Every structure is written in C-alpha cells, then in structure tokens.
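Asker: First, the structure itself, so that you have it in front of you.
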Amino acid sequence: MRTYKIAAIPGDGIGKEVVGAGLEVLKTCAARDGGFALNVTHFDWSSERYKKTGALMPADGVETLKSYDAILFGAVGAPDVPDHVTLWGLRLAICQSLDQYANVRPTRILNGIQSPLRDVRPQDIDWVIIRENSEGEYSGHGGRSHRGSNIEVATEVSIFTRAGVERIMRFAFDMARSRPRKLLTVVTKSNAQRFGMVLWDEVARQVAAEYPDVACDKMLVDAMTARMVLQPASLDTIVATNLHADILSDLAAALTGSIGLAPTANLNPERRFPSMFEPIHGSAPDIAGKGIANPIGAIWAGALMLSHFGHQDLHDRIVAGIERVVSGGKVRTPDLGGKASTADMMKAVASEI
C-alpha cells in the first residue's frame, strides 16, 4: 500500500474549514479503497503567522515542501494585511519556486446545479482552462520610485519567454488531444500587446503544427468573455496567460453556479517538485468561522490530487459522490441556495463514497 506525504496548508479564512473537509473525504476514500494511505503534516503558514513573525512562511519553507508528494492548500488573504503581501508571501512563492507552471482548472455544470445562463445544459459547459502559472503578468518584475511625490512612477513588467510559452502550449495541446473533442482555444491580446502576446501567438502556431489532430482557434481575451457567456458549447480546452486565465476561470466558475464548487491544480508536470491542489475561491473573511463555506472546491481539489497520483478511478468516485449530493438538493450550503453547513456537505459526500 502506497503512503503519500501530504503538506496541508489551510492558510486564512475559510481555508481552515474547507481543507479539513477535503482531508476527511480523502481519508474516507482511503479507508474504503485500501490501496493508499495519507501521512498529513499541517503547516500554520498564514496571515496570522505574518502578523506574529513578519513572514507568512519560514525562510526554508519551500525546501521543506520539496520532501512531500503533494500540497493541499486552502486560501490566503486577510483584511488587515495587504493582498500583495499575502499572495506573494505564500501562494505565489510556492508556485514559482516549485515550478508549478501548469495551472489546470476543470469547469463543469454539475448535475442538479442551475447555471445563471438561461437554457444552458450541463453538457454545454465542460471545459478545462489551462493557465500559464510561472511568468507573464505575474512575473514579479517592476518597481516604484519617487514614492509619495507628484512624479512617482510604478512599473509592472510582463515577461514572456519562448521556453515558458512553448511548454504551456505543449501541455495545453496534450490536454486537448486527451479529450474527446480535441479542441483548443488560445486566448490572447496581441492586437494591443505587440511584443509578449505576439510571441505567445507565434509559439502557439508553431506548436499547433505538431498536433494536426487538434482543432485550434484564437480569441482575443475581451471577445472570449462574450463567447463564454453566449456560446459556451463552442469551447472545450482553453489556454491563456497568467492574468487572463486567472480572470476567465473565475468567470467560468460563476457560470457553473458557484465559485465555491471549483478546484484547481498547480502542476509541475515533470514531477521534479510536488504539485499543489486547492479550491479557487479566496479566504472569504465575511463568512470565515461561521461553518457555512462550501467545501466542494477543496474536496474536488483532493480528487485532482488522487488523479495526479494515478488514481483516476478514485477521482471519478469522489466527483460522482459530489454530483449525487448536489443533485439530490437536500444538502447544500448557502452559496447553492441551501442551509447546510460545511460539515454537513462534507459528511454527505463522504457518505456517498
């Protein structure tokens, strides 16, 4: 029996509640299947730690994580700590240092969930959004000078490398090839951003030539938002830059009924470093501590982790359990129109498994 070492980082706000729920479902799955076990280490890396020590995680935090098989992450962000401090101090510090360059966000309308789009069927939104996760608009290059003066300057530099663009394009084309429709949409903004985004387009065309079995089209990011709303069934696999996919994937989650349902995987595809799995929602300080956060995103993230380990059957079992719970309509958290607690939802999914 394989034992997987898992680093659990609940972080801030509702992250503390949903990571616990996700782990309980994983433990239920392990007990039922008997083919694997989890050795979980919990880390208190968070905004609270920052306020006490001046750092969200210790200086050797990334080195510590390298000894684990995977990371289960909750959320980061607190009202009394600047957002750029929390994001760069924890989540981005982990993703970039562990070269988790492929962010994968499956997007589906689960059975029983009503999309806010009129007359859209569950089969009309079944997408995978691939986000370049290591460079682009979130490269971290730039600075400020003459602070506080009337000639203050701030720069935020987007960096696109041929190596970085090519590897995410190959990953996206491989993903599209693995899906029944073999369809990839490349999102860009090369009409206005004439250097980095033009390179993005050129590399996409070059890689596409190696995948003649994959249909590929290109969309400007602003037009893409309209297509997602008006023609969702025309999409399947989507690849976009760090910023563009960050925004589009939140829109995608809302179109499926609730951002609380959506998971994401931050992958190091070559497996030189551990990958990280998380719900896409934030720390939601307005409901933190109330026990009503939707844990489905974290539970599904745990399922993605099992798929990454090679247990696709267990991933499918968990997602099927989620669908049976939400389609039944009896156990739903407030974001889905119900009154269930986080624990109620977790127990219902665990029971289905």
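The values are calculated or read from the model by the stated rules, or taken from the named source; none is laboratory data. Keep in mind the model is a prediction, meaning the values are calculated, not measured. Methodologically, a virtual Cβ is constructed for each residue, glycine included, from the backbone with ideal geometry; neighbour enumeration extends over all protein chains shown. Heads up: the accessible areas ignore ligands, DNA and RNA and are worked out on the full protein's heavy atoms, side chains in. Shrake-Rupley method; radii C 1.70, N 1.55, O 1.52, S 1.80 Å.
Asker: What are the residues whose amide H is under 5 Å from the amide H of LEU220, where those residues sit 5 or more places off or on another chain and H is modelled from the backbone?
Answerer: So LEU220 has HN proximity to THR188.
Asker: For ALA226 and LYS290 in one chain, what is 0.36 nm times their gap in residues minus the Cα-Cα distance, to one decimal in nm?
Answerer: Using 0.36 nm per residue and subtracting the Cα-Cα distance, I get 19.5 nm.
Asker: Sticking with this one: Along Cα→Cβ, 7 Å out, is where each label goes; now give me the distance between the ones at ARG162 and LYS52 in nm to one decimal.
Answerer: It is 4.9 nm.
Asker: Please list, by residue number, every one of the trypsin sites (Lys or Arg not before Pro) in region 144-239 that is coil in DSSP and has at most 14 other beta-carbon atoms within 10 Å.
Answerer: Here the trypsin sites (Lys or Arg not before Pro) that fit, given the DSSP loop and packing criteria, are ARG147, ARG181, ARG194.
Asker: Evaluated at 10 °C with a viscosity of 1.306 mPa s, what Stokes-Einstein diffusion coefficient in µm²/s does region 85-193 have when Rh comes from the Kirkwood expression over alpha-carbon pairs?
Answerer: 92
Asker: Further question on the same structure: Whole number in Å², please: accessible area per residue of the chain, 1.4 Å probe, ligands, DNA and RNA not counted.
Answerer: Dividing the accessible area of the chain by its residue count gives 43 Å².
Asker: Using DSSP, restrict attention to beta bridges with both residues in the chain and report what percent are antiparallel, rounded to the nearest 5.
Answerer: About 45 percent, rounded to the nearest 5.
Asker: I'd like the per residue volume of the convex hull spanned by the Cα atoms of the chain, given in cubic angstrom.
Answerer: Expressed per residue, the convex hull around the Cα atoms of the chain is 149 Å³.
Asker: Quick one: which of LYS27/LYS290; LYS16/LYS347; LYS5/LYS27 span more than 19 angstrom between C-alpha atoms?
Answerer: LYS27/LYS290
Asker: Please list, ordered by chain and number, the residues whose modelled amide H lies under 5 Å from the amide H of GLN100; skip anything fewer than 5 residues away on the same chain.
Answerer: Amide H neighbours of GLN100: none.
Asker: Additional query: Most fluctuating residue of ALA21, ALA78, ALA102 in a GNM of the chain with Cα springs under 10 Å: which is it?
Answerer: ALA78
Asker: Just in region 163-243: which GluC sites (Glu not before Pro) are loop by DSSP and have at most 10 other Cβ atoms within 10 Å?
Answerer: Hits after loop and neighbour filter: GLU210.
Asker: Collect residues whose amide H, placed 1.01 Å from N in the peptide plane, falls under 5 Å from the amide H of VAL40; neighbours closer than 5 in sequence don't count.
Answerer: ILE6
Asker: Packing-wise, with mean Cβ within 10 Å as the measure, how do 296-307, 32-43 rank, highest first?
Answerer: Going from most to least packed, we get 296-307, 32-43.
Asker: Can you sort CYS216, CYS95 by 1.4 Å-probe accessible area, starting with the largest?
Answerer: Greatest to least solvent exposure: CYS216, CYS95.
Asker: Now for a different question. Each residue of region 31-44 in turn: what ³J(HN,Hα) in whole Hz from Karplus with 6.51, -1.76, 1.60 and θ = phi - 60°, glycine and Pro shown as x?
Answerer: 5, 6, 7, x, x, 7, 9, 10, 10, 9, 10, 9, 10, 8
Asker: What are the ³J(HN,Hα) values, in whole Hz, obtained from phi via the Karplus relation 6.51 cos²θ - 1.76 cosθ + 1.60 with θ = phi - 60°, for each residue of region 288-296 in sequence order, with x given for Gly and Pro?
Answerer: 4, x, 8, x, 10, 5, 6, x, 4
Asker: Sticking with this one: Per residue, how big is the convex hull around the C-alpha atoms of region 203-331? Give it to me in cubic angstrom, could you?
Answerer: Per residue, the Cα convex hull of region 203-331 comes to 170 Å³.
Asker: Same structure again: On the accessible surface of region 123-230, probed at 1.4 Å, how many percent belong to carbon and sulfur atoms?
Answerer: Carbon and sulfur atoms account for 54 percent of the accessible area of region 123-230.
Asker: For ALA348, what is the net charge nearby, where nearby means another residue's Cβ is under 10 Å from its Cβ and Lys, Arg count +1, Asp, Glu -1?
Answerer: +2
Asker: With the full set of protein chains in place, find how many percent of the accessible area of region 29-104 is carbon and sulfur; take the probe as 1.4 Å.
Answerer: Carbon plus sulfur share of accessible area: 49 percent.
Asker: I'd like the Karplus ³J(HN,Hα) series for region 97-114: coefficients 6.51, -1.76, 1.60, θ = phi - 60°, whole numbers in Hz, and an x wherever there's a Gly or Pro.
Answerer: Computed from phi, the couplings for region 97-114 are 5, 9, 6, 7, 7, 10, 9, 10, 10, x, 9, 9, 8, 6, 4, x, 9, 8 Hz.
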